[in-house]
Every structure is written in structure tokens, then in C-alpha cells.
Amino acid sequence: MEGDGHSRRVQQAAAGGDGTGIEAAFVTAAGQVTQLPWDQAAVSVRFEDLAPVSAFPVVPGRRWGPGWWWSATTGRHVVHGSAAMRTQLMVLDRDPDVTGLSARPVRLLWRAVDGQVRSWVPQLFGRYADGTGLLADCPSSPTTGGDRAQRARMVLEAACARVG
């Protein structure tokens, strides 16, 4: 059961652990790396129009590698790094309420309780017709990525909850 311990961890993540907050780093259309407080970036940046902040790695020996999905929604290719992410792109692309899609458009940064700066790049952003957005990871299983991914999931959850 998640209970109070989970809620406390999510609140700590939302506050960046020590109150410094969550920051958003992204590459503007002009190619300039920019960093803003998450609350400000979430309402002012069109993430669906941005290029990825980091590439998907090519891992020798893996059966699956990065690829491109031609999106009918956007009229352009959207990069994907896994079969799970490609499937999510296909589902969102068929949703008539989705008006924009992009891969890895933002890096979230926060200061953990131990004082270390941590970061995570969510895999997918989708914009809906009502202006709301979807920021998501697309793991192939709930335990993919280990402890680091689970801690980042809590921060991602908190970041999204902060901006609605």
C-alpha cells in the first residue's frame, strides 16, 4: 500500500526535496538551451514543437533500436526509443483530441534530499485540444529502470500534479 509514506515522498519530490523546486531544461526552436522553473515552463512552452533534449541510445546487441513514427497528428516524424513508446505514439496519434506530439522535449531537474542535483527526461509529450498536456514515460514493464526510474516517476508525478 502506498499510503502516507508515498504521499510524503511525492510532496518532497514536488518541492525538489529541499524546496528549490523542479526546473525544466529544453532546446528552443532557435537551438538555444533554456532552463525555467517547471511551473512557468509548463504554461508557457509549447513542448510539442520542440526537438528532443537528448537522443535515444543505440545499444549494440539489442533487438530493438530507436526509430521514427510518422504522425498523422503532427504531419512530421516523432522519434521513439522503444517498442513500448512506439505503441504509445500510435495510440495517441489515433486520438482525435491529441493535437501535438513530441519525444523527449524537456529535462526535469531537481535537488534531491541528499543535496544532489538529479534529472530525468520523460519520453513523451502530448498536447490535447483543450490545451492540457501529457508528460509520460513508456516503460516496457513497471520495474524497468530500477530505483532511479522509480524515484524519477515520483518526481514526474509530482511535477504534473503541480501544474494540473
>> Check which residues have an amide H placed less than 5 Å from residue 106's amide H, if you skip close sequence neighbours.
In response: 53
> Across all directions of projection, what mean area in square nanometres is found for the Cα convex hull of the range 59-164?
Replying inline: 7.7 nm²
> Taking θ as phi - 60°, what are the ³J(HN,Hα) couplings along the range 66-72 by the Karplus curve (6.51, -1.76, 1.60), each to the nearest whole Hz, with x for Gly and Pro?
Replying inline: x, x, 10, 10, 7, 9, 5
> For residue 138, which sequence-distant residues (separation of 5 or more, or a different chain) have an amide H within less than 5 Å of its own amide H, given hydrogens modelled in the peptide plane?
Replying inline: 123
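Please sort 39-45, 22-28 by packing, taking for each peptide the average over its residues of neighbouring beta carbons within 10 angstrom, highest first. Before the final figure, lay out each step's value.
Details: 39-45: 15.1, 22-28: 19.0.
Packing proxy ranking, top to bottom: 22-28, 39-45.
Every read-out reported here was derived from the displayed coordinates using simple, explicitly stated rules and does not represent laboratory data. Everything numeric in this text was worked out from a predicted model, so none of it was measured. Don't worry about glycine lacking a Cβ; one is built from the backbone with ideal geometry, like all the others, and counts go over all protein chains shown.
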